[in-house]
There are 2 protein chains.
Amino acid sequence: MDKIARIDMGGVGGPTVTVTEVGEYAGLGGRAMTSIIVATEVHPLAHPLGAENKLVISPGMLSGTAGAMTGRLSVGCKSPLTGTIKESNAGGQAAQVLARLGYAAVILEGKPTTDDLYKLYINKDGIKLTVDNSLRLLDNYPAVAKLRGEYGDKVAYMTIGSAGERKLLSASIACTDPELRPTRHCGRGGVGAVMGAKGIKAIIMDDAGMKMRPPKEPERYRDANRKFVEGLRKHPVTGEGLPAYGTNILTNILNEAGGYPTKNFRTGVYAGGSKLSGEAQAELEIKRGGSATHGCHRGCVIQCSGIYNDANGNYVTKQPEYETVWSHGGHCGIDDLDTVATLDYMDDNIGVDTIEMGVTIGVAMDAGVIEFGDKEGAIRLVNEVGLGTPLGRILGSGAAITGKVFGVERVPVVKDQALPAYDPRPIQGIGVTYATTTQGADHTAGYAIATNILKVGGDVDPLKTEGQVELSRNLQIATAAIDSTGMCLFIAFAIMDQPETFQALLDMLGSFYGITMTGDDVVALGKKVLSAERDFNKRAGFTAAHDRLPRFFYNEPVAPHNQVFQITDEELDTVFNW
Amino acid sequence: MDKIARIDMGGVGGPTVTVTEVGEYAGLGGRAMTSIIVATEVHPLAHPLGAENKLVISPGMLSGTAGAMTGRLSVGCKSPLTGTIKESNAGGQAAQVLARLGYAAVILEGKPTTDDLYKLYINKDGIKLTVDNSLRLLDNYPAVAKLRGEYGDKVAYMTIGSAGERKLLSASIACTDPELRPTRHCGRGGVGAVMGAKGIKAIIMDDAGMKMRPPKEPERYRDANRKFVEGLRKHPVTGEGLPAYGTNILTNILNEAGGYPTKNFRTGVYAGGSKLSGEAQAELEIKRGGSATHGCHRGCVIQCSGIYNDANGNYVTKQPEYETVWSHGGHCGIDDLDTVATLDYMDDNIGVDTIEMGVTIGVAMDAGVIEFGDKEGAIRLVNEVGLGTPLGRILGSGAAITGKVFGVERVPVVKDQALPAYDPRPIQGIGVTYATTTQGADHTAGYAIATNILKVGGDVDPLKTEGQVELSRNLQIATAAIDSTGMCLFIAFAIMDQPETFQALLDMLGSFYGITMTGDDVVALGKKVLSAERDFNKRAGFTAAHDRLPRFFYNEPVAPHNQVFQITDEELDTVFNW
């Protein structure tokens, strides 16, 4: 990972490819790489779809090695959805392949001068950019199927669906999983629209002839990795819950905690919750010949995913995540897993963020476009997004714009990004993260659910204000660092509870780079990333006034705890005081 | 004007009306009243369509008197379009009638608990709020026609069309002119959506039994008014240009200056400009039995309006303003006055801002929804807005949202409000106003065209950077004061060039209130208003980063002067240093 490739789509006489040494960005990876490049090189007032924005694709610091869990790929840019800096990461095979090819970052720059659609092929011999208008408006599954005919099955694909080509603000970038399904998405913030604006439909990465990235201290690395894997396997979340039921194990847990946002955040318990649960989902998947345990990339030892088949045993989609089951399920008053799975497939195929899409459908229900609980209606609406009709374009623009276009007041967004599947009133800690993260409302940015609800890394009462700011602060710092390593965020459960597993992670980083890595170094890395992001956002015009939840969370108590969001503005403004 | 009426639409057991003394807001009027009430009482992060927002309606300080030009009505709120504080003012009869009824402000508050549509009747005996669902989705012309059947012709009407009921972000509030046509609009910033969110379809003001507001010093007032009128009559702009050709006299002037934004700001000269000119328009109006000279309210001595008839001599609309002729004309590559007049009527009827609507159609043309120059297409698109189709809702949400929904980079907005009819690259002074005004892009907020192009109040070279910040600053201060008096802004031409006419205005204000009023007092008033507005916006999250033009004005020189916007960020940030 000593190279950076810059693809200038606005080059004189057509796009140009320039490969240089990593230079000033040496040692960075993942989110640290994308955020620091964007903060350094992108004008903070750039139009997200214009020549001045850049799409930075970066494997993590440990991606492409023999280490477990190192398959996350970060994509960064100025977000067309939020206007903030954005880092969106996904699993799948891309990070490993790109890292082995030696690229610390691939940067898409400039603005195309024609309407041509390009594909970018990267292998050991270099980078080739080719016009391929035959891919136009193909959604992700057919696009990958077509590309596989040309490039085969031993490569990784990154593609955008029709949503990305149409530059819809909820457009994602799909990464293929080990079985070449375009199911792992850099979902949030409209990164797919930026790829679409660059005129790039697909990136094909082929690491034939390349090897695993070698650690500086191979033995120490192997030993650390072994201990790290042991830690993951013995933790109840990463060793039992996630492998058996996936993230959707959370449906019952959140419903029991009264923190499951139901029908556009009107109540915290959903009567239909048990029908959507991870337990019900896993049972159905196994019964139909799918699978409740599956890894999104090689080297995953958690295997939180699965395969969801229909009643006839035919593949529908990968196991929908908890947030997807929630956004298309309880948030919309829909308690049917088959409907959710169909919508998950449609989102993946069209190439839109499942959280943004589901929340948007709920807002449209609030507007009266369809009724809450209307399963066929929800499918029809997402289909409109794929067709690119005016209604589909509205919905594909996300919850904030859908709320504005339909005159809806009740729109659960922060910085114009939809809130995920946890109500911030009964779970105050996640509200701190939603409000203050640099990314717009995002649970992964500082997953306070771990400590508020799952009691991982301690126990902070979700209903009280005490300790929430500190909790969110520490999680946001840790997450920014983990997102830079290429590690899946789910390792956090084990490293928060097991000092020896955290030490194993430090040893993996240290032995790979031939340095000594301490907890302080990890904290410093996280702060460095957050500071760069905060600084970009500040220059883009974001202030403390944007680090707030929508007013209804302050004014409207939610059952069953009948509580509003209670963290004061003054407290929120101390999150980044360190 | 010693009373304030508060209409709480969310009152327990239904809406409540409370009339109190003006109290702490005594002495304020127009924009000073609306902005200071909004800044004082509205939570800066309130949802614009929610219970926490307020719609403040206020006649000017001299409205309802025998003084000339005192018929402007201010409407203020937190804008659903811009998110900033908003003051939008209009002519018509409403200000005079409301002032004579003694109301310094009527404030619509709270959020309705039902879907009922209300009308508000105000006369000498008080205020009556009545459910009238028979008005639902009537556009402004039919709504006023229906109301005239009930309330007659000796009242003033304020109404919203279907756009306001649908809470579209470009929705206006219509005020009737002396002939009861709903042609004078509080257009900018979506104030009609806020009225719609309050569930109020119409306000009927009946001043039967009331008298002109009496000055404290009647003789001095009469004398000052006479001198004031003399000044207006002898100035070439207010005494000749505007009466003869209306504001559309500017088409040829701006085209000749190379500052006429053509086809979504691609060039500064429009070949079809002469066909849209005020001279051509006046000739056509007179030929068809309309009129090129008409006042929007009684007491107007400028008479900048007119009546536009079709080829058969039937009324189409009032004389379209320059900015309307531009937005629906040259901006869209349409050089046909009849098309523009039809669109002007449709905008007035549906109840949308003509600037926002026209600019939005141009952005939709850029997106390829229809072609530039497509007259029938433009009419079809505005018709969709009236029908409330998904496409119509997108367009009715304004240029910024239309740009986002269709993935267009080239969107001429500041703070999400469409730029009016003057390119800021060849006319740098107006660019300073667009960027920095508290209102989102707005020409009236500091009409630098006066001095940059018309050479009124001095001569500041429009192509140079020197003097533009000071010019815009002084104009913004003066405008904020004038907008508080109830005076039509067009008096500015005369008072900028004629010290005796400015003195006459001071004497009108002084004699009416029985005080001595100096130029310094006017400046202090303007600064007070702007400070309240800036403070609200700051609390709402607006920063220097929002006081900028879209990037393409900095990156893309425009013919014929081949110049970009050149005022530096540092200079822009000094506009409010006083």
*Have a look at A:V469, A:G386, A:L419 and report the one farthest towards the positive end of the charge dipole of the stretch A:382-510, computed about the Cα centre with Cβ charges (Lys/Arg +1, Asp/Glu -1).*
A:G386
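Would you work out the relative contact order for chain A, in percent, from Cα pairs under 8 angstrom that are 6 or more residues apart?
So the answer I get is 16 percent.
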*Would you give the gap between the C-alpha center of the stretch A:490-536 and the C-alpha center of the stretch B:543-578, rounded to a whole Å?*
43 Å
*asked:* Taking the number of other C-beta atoms within 10 Å as the exposure measure, put A:E256, B:E230 in order starting with the fewest.
replied: A:E256, B:E230
*State, in angstrom, two size descriptors of the stretch B:10-64 derived from its alpha carbons: Rg to one decimal place and Dmax to the nearest whole number.*
12.9, 37
_Between the stretch A:85-135 and the stretch B:457-482, the alpha-carbon center distance in angstrom_ = 49 Å
*asked:* Counting only other residues whose beta carbon sits under 10 Å from that of A:V460, what net charge do I get with K and R as +1, D and E as -1?
replied: -2
*Quick one: in chain A, whose Cβ comes closest to the A/B rotation axis, and how close in angstrom?*
A:P390, 2
*asked:* Quick one: the Cα spread of the stretch B:3-205 along its three principal axes, in angstroms, biggest first?
replied: 39, 39, 31
_Cβ-vector label at 7 Å, A:S134, separations to other copies in nm_ = 6.7
*Between copies, how close do the B:D535 label points come, placed 7 Å along Cα→Cβ, listed in nm from shortest?*
3.4
*Given +1 on the Cβ of Lys and Arg, -1 on the Cβ of Asp and Glu, and no further charges, what dipole in debye does the protein assembly as shown carry about its Cα centre, rounded to the nearest 20?*
200 debye
_What does the net charge come to around B:W578 if you take all other residues with beta carbon closer than 9 Å to its beta carbon, with K and R at +1 and D and E at -1?_
+2
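Dipole magnitude of the stretch A:3-205 about its Cα centre, charges +1 at Lys/Arg Cβ and -1 at Asp/Glu Cβ only, in debye to the nearest 20?
300 debye
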*asked:* Given bins 5 angstrom wide, list per bin the percent of all Cα-Cα distances in the stretch B:133-287, short to long.
replied: 2, 8, 11, 11, 11, 15, 16, 14, 8, 4, 1, 0
*asked:* What's the whole-number percent of alpha carbon pairs in chain B lying beyond 48 angstrom?
replied: 4 percent
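Rank these for me by crowding, B:K216, B:K527, going from fewest to most other beta carbons within 10 Å.
Ascending number of Cβ neighbours within 10 Å: B:K216, B:K527.
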_Within chain B, helix-based [θ] at 222 nm, where runs of 4 or more DSSP H residues each add -39,500 (n - 2.57), nearest 500_ = -11500 deg cm²/dmol
*Label geometry 7 Å along the beta-carbon vector: B:L387 inter-copy distances in nm*: 1.5
*Just need the relative contact order of the stretch B:3-205 here, percent rounded to a whole number, with Cα pairs under 8 Å and 6+ apart.*
22 percent
*Evaluate 2.2 N^0.38 Å with N set to the residue count of the stretch B:120-173, then give the Cα radius of gyration divided by it.*
1.19
*Among B:V19, B:A545, B:V522, flag the residue with its Cα farthest along the positive direction of the charge dipole of the protein assembly as shown, charges on Cβ as +1 for Lys/Arg and -1 for Asp/Glu.*
B:V19
*So what's the net charge close to A:E87: Lys and Arg +1, Asp and Glu -1, counting the other residues with Cβ under 12 Å from its Cβ?*
+2
_Give me the one-decimal nm value for the distance between modelled label points at A:K464 and B:R222, 7 Å along each residue's Cα-to-Cβ direction._
7.7 nm
*Size of charge dipole - chain B - debye, nearest 20, with Cβ of Lys, Arg +1 and Asp, Glu -1, no other charges*: 1100 debye
*At what distance in angstrom do the alpha carbon centres of the stretch A:272-289 and the stretch B:309-343 lie from each other?*
62 Å
*asked:* Within a 10 angstrom radius of the beta carbon, how do B:L276, A:L549 rank from fewest other beta carbons to most?
replied: A:L549, B:L276
_All-pairs Cα distance distribution in the stretch B:332-457, expressed in whole percent, bin size 10 Å_ = 14, 41, 34, 11, 1
*chain A: DSSP helices with Cα axial extent of at least 20 Å and average Kyte-Doolittle hydropathy no lower than -0.5*: A:468-485, A:499-513
*Given the convex hull of the Cα atoms of the protein assembly as shown, what is a quarter of its surface area in nm²?*
41.9 nm²
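A short reminder: the numbers here are calculations on the coordinates, not readings from a lab. Predicted model only: the values in this text are computed from it and were never measured. Reconstructed Cβ throughout: ideal geometry from the backbone, glycine too, with neighbour counts over all protein chains shown.
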